[in-house]
Each structure stands twice: as C-alpha cells, then as structure tokens.
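Please treat every number below as a calculation from the coordinates, not as lab data. Quick caveat, the model's predicted, so the values are computed rather than measured. Every residue, glycine among them, receives a Cβ derived from its backbone with ideal geometry; neighbour counts consider all protein chains shown.
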Amino acid sequence: MAVTGRFVLLLLAGVVPVVWLGAAAGAGGWALLGWVALSVALGIVDLAAAASPRKVAVARDLPARIRLGETAQVRLLVSNTGTRTLRAVARDGWQPSAGASPARVRLTVPPGERRAADLTLRPFRRGERRTEHVTLRSVGPLGLWARQATHTAPGAIRVLPPFTSRRHLPSRLARLRELDGRTSVMIRGQGTEFDSLREYVRGDDVRSIDWRATARRSGARAGQQVMVRTWRPERDRRVVLVLDSGRTSAARVQNEPRLDTAFEASLLLAALASRAGDRVDLLAYDRRVRARVQGETGSELLSRMVDALAVLEPDLIETDWTAIPGQARSITTQRSLVVLLTSIEATGSSRGLLSVLPQLTKHHMVVVASVTDPGVLAATLDRHDRESVYRAAAAERALLDGARVSAAIRRLGAEVVTGAPADLPPALADRYLALKAAGRL
C-alpha cells in the first residue's frame, strides 16, 4: 500500500476549517480526529476499488544494441488480466547510466486489454545496461491510496563504443588507394610487390625505369616508350592489436578513459588494415585475456571487435608484460605489425613494457601508441601565481618522463605514436600508411 500526494492534500485542506469550527464549538480535538478518520475511511474505500497490480503481464520491446551517444526507443507493454480498470504509474528499473526517461509513466489499461508506454534510453556509459524489474503503483478512482507490486521483467541493451574516429576513414582510404595505384597521382606510392609496367610520365621516379622493357618497346617513338615499374604495398600481412587493460588504462584524459581512446584507435586501424587486405587480430590483456578477436575479416571483423570491446572495463591491477610475447606467438608466428596501446607517461609503470620490447622487436614490427593529456601541456604555460608555478613544474617533469620513455622505446627498435584522445586514432592510421608505403610491413 502507498499513500498519494492527493491524500495528504485532502488532510491538509480539512485541518484548518475543521479545527476552527471545532474550536468555536469547544470540541476542536474531536473534530480533527473525526476528519482524519473520515479521510482514512475514504482512503480504504479507494484502495478497495483500485485494480490489483499483481494481475498484470509485463513485456518489453527493445533493440539489442546501440552506439554510445545515440538514443533508443524502448516500449513497455502492460497487459491487464484482472476485472477492473488499471490506473497505474509504471517505473522501469533501468540502471542510472542507461539514461532512461521519463522516470515514471502513467497508464490506464481496461480489463483484458494491453497498453504500451514508450521510454527513451540515452546511455552515457558503454557496456551492458540492464533492468530487472518493473514497479506498478495502481491507484483507486479517487487517487488517494494505491496498491504497489514489482514484477520481474529482465531486459538488457548492449551499448557499443561510439567509433567517432570513423570520420577519418574516407581520407585514409583515399591515401591507401594512392599507394595501391588505383588513383591517378603525380607520384605513385612505392611498395614492395611488383604490380605492372606503364609508360613514363613526368614526376615518376627515374629509379623505377625498367630499361629491359624499354629496349623491348623501342621503335620509331622510342623516346616516348620509356617503361617504368609500378609497385603496390604487400597484402595479406598480419596486424596484431594489443590493448593494455590494466590500471593505467582507467585514467581519464579529457573526460574519457584511456581504454576508450584505445578502442577508437583500434577500430580505425582495423577498418583501414582490413581494406588494405591485411589480417587483423585483437587482444586485450592485463593478467589474463580479457577479450580476443581472431580470424575474422571484412565487416565481421568490426562487428566482433565492437561486441568484444563494449563490455570491457579496466582492471585496477598491474599489467603482466612478460606474458605479451607469448600471447603474440599464440596469435601468429610470422613477422607482423604489433601495435601496443598503453600508457608511456611514467618511467616506473613502463619498466615492464621496456623489458619485453627486445623480444617483440626481434620478430615483429612494433608500434607503441599512447594517449597524451593536453592539459599537461597547457599547465606548463600557466605560471601566474605560486600554485600554478608548482603545477607547471610538475607538468614539465611529466613531459620529460614521457620523452625519456619514448626515446627508450625507439632505442629498442619500436615506433612511438602519441596524441590527444581526438588525435591518436588518425595519427596511428597515418603511421600504418607510412610503414605500408615504405615497405616495412
């Protein structure tokens, strides 16, 4: 049973006149008690006339997936199996991070009929957003007292990473087509696999001239028959993405966890590499395998990746870097591009990474990608008072530590890519294209 606000207003509306009239007659206390008794009696009658909230069937109609930042429409279906008209307020028990609105929905369901209540979900966290119960509060005809019951009605929607970095994909695909020679450009991209022969045009690298083919094509117009070799990047290479899901990935940079930025960079690079004909594998690891996507190609690759990454959360433990070379060997034994997405800002937390890099660079091309905090750079420029000077000194020290770790990584034979959350995904894609064009993959 529940008391509504209307019942409270009824009591308050009668207190002043009843007490005033009772005081004039010399029986104020009895008059007040009589008014309260009358109000309670009306509430009991109203409660008896209310439909039972237990004689109800509840169902849901909702999508299975949604991207973070988008909205989804959820329909709550309430069927009245009783003999009285149900006048109820329904509250769906979604997690707060699901962003359900409105919080409460009013329904009037005649006997034997079904009504729908529409809710809007705007999640502000990725992962599985769940609801287990629906609470119905059935009020009587007077709206004074209400019956309440909670029904078990589980539901879930998976909130996928937003993949906002996909806006950079068309420009990178255009550069990839230039490398492949499928777009007419003045200077053709150089790769490592011979593609075809064609006539020399102004701007071609003279080192690409094939003199034997030119001699075979010699004739009356020999000066216009100089042949050059064209190249295209090698295909069917392996790209292994290793995401550090340890404690450092939980830090927030520009109100976004480092791990989420790693998701964006991984999805953009995977989309680009799969279009380039390379095979992409994903591994999320701290002290155990948290997610693995292997052996997928095409559109199925991104679908599997977003599903695997949607429910992944950072674990507040130190990453076991000694196991990473073995995990890479379990994925492939051939020379590959291994991309490590982690944090390299602190020398102490990077010791494990530096210790295993020689094992990785011996067999693979390694790129270490890390998010940088633009706020640290901004802090070095603000020195207007004593507190800001100390903050600037700490920021300078942090930048110096990051530079030392980056230099150590390069000395061990790996590449380093850093950038702010919005800049890291395209920067990593550009480094992949540069390695592709240089024939280093």
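Quick notes
- Membrane-span-like helices in the chain (whole DSSP H runs, Cα extent of at least 18 Å along the helix axis, mean Kyte-Doolittle hydropathy of at least 1.6): 5-25, 28-49.
- Over the chain, relative contact order from alpha-carbon pairs under 8 Å, at least 6 apart, %: 12 percent
- Placing a pseudo-label 7 Å from each Cα along the Cα-to-Cβ vector at ALA438 and THR380 gives an inter-label distance of 2.4 nm.
- The orientation-averaged projection of the convex hull spanning the C-alpha atoms of the range 36-94 amounts to 6.3 square nanometres.
- Annotation: average projected area of the range 302-391 is 8.6 square nanometres, based on the convex hull of Cα atoms across all directions.
- Semi-axes of the equivalent ellipsoid of the chain are 67, 28, 20 Å, computed as sqrt(5λ) over the eigenvalues of the C-alpha gyration tensor in descending order.
- Extent along the principal axes, Cα only, for the range 56-160: 44, 24, 19 Å, with the longest axis given first.
- Here the extension length gained between ILE209 and GLU387 equals 57.7 nm, from 0.36 nm per residue of separation less the Cα-Cα distance.
- Ranked by how many other Cβ atoms sit within 10 Å of their own Cβ, fewest first, the residues HIS364, HIS384, HIS168 fall in the order HIS384, HIS168, HIS364.
- Value of D in µm² per second that Stokes-Einstein yields for the range 337-441, Kirkwood Rh from Cα pairs, at 20 °C (1.002 mPa s): 144 µm²/s
- Both radii are taken from the alpha-carbon atoms of the range 236-437; with Rh as the Kirkwood radius, Rg/Rh is 0.98.
- Normalised by the number of residues in the range 336-441, the mean separation of alpha-carbon contacts (under 8 Å, six or more apart) gives a relative contact order of 34 percent.
- Residue exposure sequence - TRP35, TRP211, TRP145 - by fewest surrounding Cβ within 10 Å: TRP211, TRP35, TRP145
- Residues ILE331, ILE66, ILE317, ILE324, ranked from the fewest to the most other C-beta atoms within 10 Å, line up as ILE317, ILE331, ILE66, ILE324.
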